[in-house]
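The structure appears below as structure tokens.
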Amino acid sequence: MKIICGVDVSKARLDACIEPGAIRGSFGNDGAGIAALAAFCRRHRASLVVMEATGGYERKAFLLLWEQGLPCAITNARNVRQYAEAMGVLEKTDEIDASIIARFAGARGLQPMPVPSQAQQRIKALVARLRQVTDDLIVQKQRRSCPLDAEMLASLDEVIALLKRQSRTLEGEIASMIDDDPLWAQLAQTWRSVKGVAGRTVARLMAELPEIGTYSNRAIAKLVGLAPIADDSGKRRGKRPVRGGRSGVRSILFLVAAIAARYDQSLGAFRDRLRAKGKEKMVVRIALARKLLVRLNAKARDTRAAYANPT
């Protein structure tokens, strides 16, 4: 039987549980604590360490454990909680969560996740920061639209100017990273052949969907959360909603697909056919975004193949 270490992650602590056996340990979420966790896992011959995604607190442990030769995976916290409830475990403590994570990983057959490269980690951080700056800029501009005295307007203008400078700097760094990587540069070029796909969309795909071009069309749609989920029973055919996935990528695909449909005849005709059938507005948006994603995935797959096998 596979020995798995489940880890419940918080800002300060890493609570671990080895299954089978319910062997527990608690460690600090820092370099020394992660080293002690690695020794704990090796001592009990754990072949996989699994932790939930917790807003970034899991990243350091994930990377350092891999550096010490311990395969790791990150899983969705909601899936783990649903598994716990299905198993009749309604209580929630750090120790219980660690055990449930390990048991869920075994039942689900989770596999180690590859470690992102330094470049992948950096572009993801830059894109995340650019998104934060953009959101802050929108807020400051909204505040400036309200009636204010000259002193308050000057203060807001100063903040807006700073955010604009930071935005330009981040965009420049992201563009340089993409241009400096031969594969990324080729992917960016082929994606930009689709009208409506510009620099920020390319950056989001690079940072938040590195699997694009390596998954099947069905799998990439499910990964992003654009694959309809069946809800049938007997003769009943329920609605097929979308759920989960990577909301950041999904939201930008909604916007870009609407723009692309204005210029691309096939996308526009696809949208019009759905509307003619009386499909709901949100259904049309989802279908259009999924079709664009499939097209971008196919372009990425061809580009990766050409890059790997140059003629």
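The values are calculated or read from the model by the stated rules, or taken from the named source; none is laboratory data. Remember, predicted model here, so these are calculated numbers, not experimental data. Note that we place each Cβ from the backbone using ideal geometry, even for glycine, and neighbour counts take in every protein chain shown. To get the accessible areas, we keep the full protein, side chains included, count just its heavy atoms, and leave off ligands, DNA and RNA. Shrake-Rupley method; radii C 1.70, N 1.55, O 1.52, S 1.80 Å.
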Amide H within-cut-off set for T75, under 5 Å, with H built and near neighbours excluded: M51, E52, A53
In degrees, nearest ten, helix 94-108 long axis to first principal axis of the chain (Cα): 80 degrees
Reachable aspartates and glutamates, given that their alpha-carbon falls under 15 Å from the alpha-carbon of K222 and they are not under 8 places away in the same chain: E208, E211
Over segment 90-245, relative contact order from alpha-carbon pairs under 8 Å, at least 6 apart, %: 19 percent
FRET efficiency estimate (nearest 0.05) - Cβ-Cβ, R129 to D157, R0 25 angstrom: 0.65
Estimated distance in nm for a label pair at R246 and Q142, the labels positioned 7 Å out from Cα along Cα-to-Cβ: 2.6 nm
Estimated FRET transfer efficiency when R0 is 51 angstrom, pair S216-T54 (beta carbons, to 0.05): 0.95
Over the chain, relative contact order from alpha-carbon pairs under 8 Å, at least 6 apart, %: 13 percent
Amide N proximity, segment 194-230 versus R273 label position 7 Å along Cα-to-Cβ, cut-off under 19 Å: 217-218, 227-228
Per residue solvent-accessible surface (Å²) - segment 57-128, probe of 1.4 Å: 57 Å²
Heavy-atom surface of segment 146-206, accessible at 1.4 Å and reported per residue (Å²): 56 Å²
Residue among L63, N29, A77 farthest towards the positive dipole end of segment 20-114, charges placed on Cβ: L63
Structure-derived P(r) over Cα pairs in 10 Å bins from 0, in percent - corresponding label in (1) 6, 28, 38, 23, 5, 0; (2) 5, 22, 24, 22, 17, 8, 2, 0; (3) 5, 20, 25, 25, 18, 5, 0, 0: (3)
J(HN,Hα) series, segment 132-149, from Karplus relation 6.51 cos²θ - 1.76 cosθ + 1.60, nearest Hz, glycine and proline x: 5, 5, 4, 4, 4, 5, 4, 4, 5, 5, 5, 5, 5, 6, 7, x, 9, 7
Stokes-Einstein diffusion coefficient of segment 84-243, Kirkwood radius over Cα pairs, 20 °C, 1.002 mPa s, in µm²/s: 106 µm²/s
Model label zone, K2; criterion: amide N under 15 Å from point 7 Å along Cα-to-beta-carbon; scope segment 95-129: 101-114
Percent carbon-and-sulfur accessible area, segment 94-168, ignoring ligands, DNA and RNA, probe 1.4 Å: 54 percent
Cα-centred dipole magnitude for the chain, charges only on beta-carbon of K, R (+1) and D, E (-1), debye, nearest 20: 1740 debye
Residue pairs, from the table K195/K299; K195/K277; K277/K299, whose Cα atoms sit over 24 Å apart: K195/K277; K277/K299
Radius of gyration and maximum dimension Dmax of segment 63-116, Cα, Å: 12.4, 36
